[in-house]
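Worksheet: one structure, shown below.
The values are calculated or read from the model by the stated rules, or taken from the named source; none is laboratory data. Predicted, not measured: the structure shown is a model, and the values here were computed from it. Virtual Cβ from ideal backbone geometry, glycine too; neighbours counted across all protein chains shown. Side chains are part of the model used for accessible areas, which takes the heavy atoms of the whole protein and leaves out ligands, DNA and RNA. Shrake-Rupley method; radii C 1.70, N 1.55, O 1.52, S 1.80 Å.
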Amino acid sequence: MNLWLKHVDEVEIVAPLTEVSISEIDIAYSHDNITLTQIPAIAFVNISRGIKSLLVLPYILFKLWKACKRADHIHLRCPGNIGLLGCLVQFFFPKKIKTAKYAGNWDPNANQPKSYRIQKNILSNIKWTKKMTALVYGDWPNQTKNIKSFFTATYKDQDRVIPVTRDYTKGLEFVFVGSLVTGKRPLLAIQIVEQLLRRGVKCNLQLFGDGVLKQEAQQYVKDKQLGSDIVLHGNKTNETVKAALQSAHFTILASKSEGWPKALAEAMFFGVIPIATAISCVSNMLDYGNRGILIAPNVDDAVSKILLALKSNDALETMSKLASDWSQQYTLDVFENEIEKLIKA
């Protein structure tokens with residue numbers, strides 16, 4: 001968001017506050033003239049929370065309406081509960097320039113919660129959603145003219161390097177970068193490397209990230225006596241992760257759902273070969289197998305495809321180069337330039 005904020009004079013953020021502790025991967029909003037308009041968090045996970053959320057909806061809608069009325073440019077972050085309310089409120093401001101960042105899976109055929117589908121329908125309805133550019137991940141057919149295929153970035157032009165040429169015939173380094181939650185399937189990444197070890201492949205796995213599955217993953221590694229080959233580091237700084245990526249051979253991200261998985265793009269930037277499930281725009285990112293290894297979300301399929309790929313060191317070197325060439329197109333400099341165009345449109 002700070003790249004967006006660099007190009008405006010005044011910022012108002014309408015959002016709930018969280019009591020979650022700040023981690024090493026969080027950064028503050030940076031602007032000289034910023035206002036936080038706090039609203040209640042809402043959720044419909046049970047009857048009690050649902051009733052409380054319904055009671056505060058009028059107040060939240062009023063706060064969103066007031067903020068939109070003050071704004072010259074309305075920016076929505078979707079999908080999410082507050083994003084859905086923002087989608088509804090923006091109906092009343094057809095003359096104001098708007099952007100929406102849809103960070104989820106835009107695949108029209110994806111099986112998603114109803115609220116997500118509603119947000120997608122609203123954002124792409126040019127009859128009701130005026131002067132809106134919706135930024136989505138991936139190139140999808142039959143989209144309305146306000147849907148713009150977009151990307152995200154981590155590294156700058158100056159970070160571009162010629163990746164080291166890896167040797168895939170010796171010890172292999174795998175990395176997992178992401179939250180340790182069900183949707184990212186960190187345990188599957190561990191089991192894939194476990195089976196490679198069982199089959200005589202010399203390798204190790206480093207996991208960077210935190211989450212509710214951390215204790216379960218640690219216990220699994222301990223029970224299976226994998227501690228010498230699989231290490232859970234928790235959340236680490238960007239520089240620490242970057243150093244690991246510059247030498248790793250593969251990154252594993254067998255997610256259930258994604259928008260634009262930065263973890264894959266960041267790894268590919270340094271020539272790390274991604275191993276990932278074919279969800280959202282991942283197939284496009286990996287050029288349908290030319291820039292990475294597409295797997296089904298099960299151990300046997302992943303292991304068999306990795307073992308097949310390991311038969312050709314030359315092919316893996318080519319895959320690594322293609323991955324790097326593609327990812328290094330999408331730098332923060334390019335990203336910021338595209339954002340500036342949207343704000344000043």
Open item on the list: Condition (residue is assigned to a loop (DSSP other than H, G, I, E, B), at pLDDT 95 or above and under 29 Å from S257 (Cα atoms)) applied to the stretch 20-33: is it met by at least one residue?
Closed with: no
TODO: For L172, state whether it is in contact with a strand residue (DSSP E or B) (Cβ under 6 Å, 6 or more places away or on another chain), modelled with pLDDT of 95 or more and not polar (S, T, N, Q).
DONE: yes
Task: Hits in the stretch 101-116 (condition: touching a Pro at 6+ places or on another chain (Cβ under 9 Å) and surrounded by fewer than 22 Cβ atoms within 10 Å (Cβ to Cβ)) - done: A103, P108, Q112, P113, S115, Y116
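Look through the stretch 276-302, keep the residues that are part of a loop (DSSP other than H, G, I, E, B) and among the hydrophobic types (A, V, I, L, M, F, W, C), and return whichever of them is surrounded by the most Cβ atoms within 10 Å (Cβ to Cβ).
As a first pass, look at the stretch 276-302 and keep what is part of a loop (DSSP other than H, G, I, E, B): 278-281, 286, 290-292, 296-298.
Narrowing further to those that are among the hydrophobic types (A, V, I, L, M, F, W, C): 278-279, 281, 286, 296.
Numbers: A278: 15, I279: 18, C281: 22, L286: 24, A296: 13.
Checked the stretch 276-302; the qualifying residue surrounded by the most Cβ atoms within 10 Å (Cβ to Cβ) is L286.
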TODO: Identify, by number, the condition in (1) out of contact with any Phe, Trp or Tyr (no Cβ under 9 Å at 6 or more places or on another chain); (2) in contact (Cβ under 8 Å) with a residue 40 or more places away in the chain; (3) closer than 21 Å to I279 by Cα that D333 doesn't meet.
DONE: (3)
Task: Condition check for K98: open to solvent by 70 Å² or more (accessible area, probe 1.4 Å), free of Cβ contacts under 8 Å to residues at least 40 places away in the same chain and not in a helix (DSSP H, G or I) - done: no
Open item on the list: Quick check on the stretch 256-274. Is at least one of its residues over 28 Å from R198 (Cβ atoms), touching a residue at least 40 places away in the same chain (Cβ under 8 Å) and open to solvent by 50 Å² or more (accessible area, probe 1.4 Å)?
Closed with: yes
Open item on the list: Being of a type in the set (K, R), assigned to a helix (DSSP H, G or I), over 30 Å from Y102 (Cβ atoms) and open to solvent by 60 Å² or more (accessible area, probe 1.4 Å) narrows it down to one residue among K305, K311; which is it?
Closed with: K305
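Could we say that K148 is among the charged types (D, E, K, R), open to solvent by 40 Å² or more (accessible area, probe 1.4 Å) and in a loop (DSSP other than H, G, I, E, B) here? Can you show your working first?
Numbers: among the charged types (D, E, K, R): yes; open to solvent by 40 Å² or more (accessible area, probe 1.4 Å): yes; in a loop (DSSP other than H, G, I, E, B): no.
Answer is no for this residue.
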